Amino acid sequence: MVESVVVQLPKTLLGAIYAGAKQLYPRESFLLLRGKKRRGVICVSDLVVAPFAVHGLNFAQFNPYVLPSDFSLVGTVHSHPSGDLLPSYVDLNYFFGRVLMIVVPPFEGEECVAVYDSNGAPLHLQVTP
């Protein structure tokens with residue numbers, strides 16, 4: 001039986017993700033997600049700036065080997081300035097953590113964000129107050 005996973009994200013953090021993506025546009029933004037997983041719910045509680053991350057016109061990258069051991073990291077979030085909410089094969093090949101979140105322009109509202117598992121299957125995102 002496959003476990004159904006829900007990703008909970010506070011509205012304030014979604015706003016911060018959007019603000020960073022808008023600031024870097026047309027380059028891709030990239031952040032790490034910190035949180036906890038309990039009984040099929042991944043609660044994102046913080047955003048972490050990846051050290052030495054590179055934000056390019058068609059890519060964003062970071063070196064996971066420069067991160068200290070942090071078992072509270074649950075995934076990543078990055079922008080697709082092209083507007084495509086689907087993960088690319090590169091996104092899936094370099095998957096980090098439990099979830100991959102993608103945001104797209106105009107970086108406003110819940111229709112501009114999607115969350116995926118390591119196989120590229122969509123997960124339910126619940127934006128909390």
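Worth a mention:
- Sole exception among (1) under 22 Å from VAL7 (Cα atoms); (2) assigned to a helix (DSSP H, G or I); (3) not polar (S, T, N, Q) for TYR65, by number: (1)
- Single condition HIS78 does not satisfy, out of (1) assigned to a loop (DSSP other than H, G, I, E, B); (2) within 14 Å of the chain's Cα centre (by Cα): (1)
- Positions within the range 92-129 being at pLDDT 95 or above and under 13 Å from PHE59 (Cα atoms), in sequence order: ILE102
- Cβ-Cβ under 8 Å pairs, at least 6 apart or on other chains, the range 34-54 side assigned to a loop (DSSP other than H, G, I, E, B) and surrounded by fewer than 14 Cβ atoms within 10 Å (Cβ to Cβ), far side at pLDDT 95 or above and among the hydrophobic types (A, V, I, L, M, F, W, C): GLY40/VAL6; VAL49/LEU31; VAL49/LEU32
- Within the range 104-129, the set of residues being farther than 17 Å from PRO10 by Cα, surrounded by fewer than 21 Cβ atoms within 10 Å (Cβ to Cβ) and not polar (S, T, N, Q) comprises VAL104, PRO105, PRO106, ASP117, GLY120, ALA121, PRO122.
- Among the conditions (1) surrounded by 13 or more Cβ atoms within 10 Å (Cβ to Cβ); (2) within 19 Å of PRO10 (Cα to Cα), LEU24 misses just one, which is (2).
- Residues of the range 116-129 classified as out of contact with any Pro (no Cβ under 7 Å at 6 or more places or on another chain) and in contact (Cβ under 8 Å) with a residue 40 or more places away in the chain, total: 7
- The range 74-103, subset aliphatic (A, V, I, L, M) and buried (at least 19 other Cβ atoms within 10 Å of the Cβ), residue nearest to SER45 (Cα to Cα): VAL74
The values are calculated or read from the model by the stated rules, or taken from the named source; none is laboratory data. These figures come from a predicted structure and were not determined experimentally. Every residue, glycine as well, gets a Cβ built from its backbone with ideal geometry; the counts of neighbours run over all protein chains shown.
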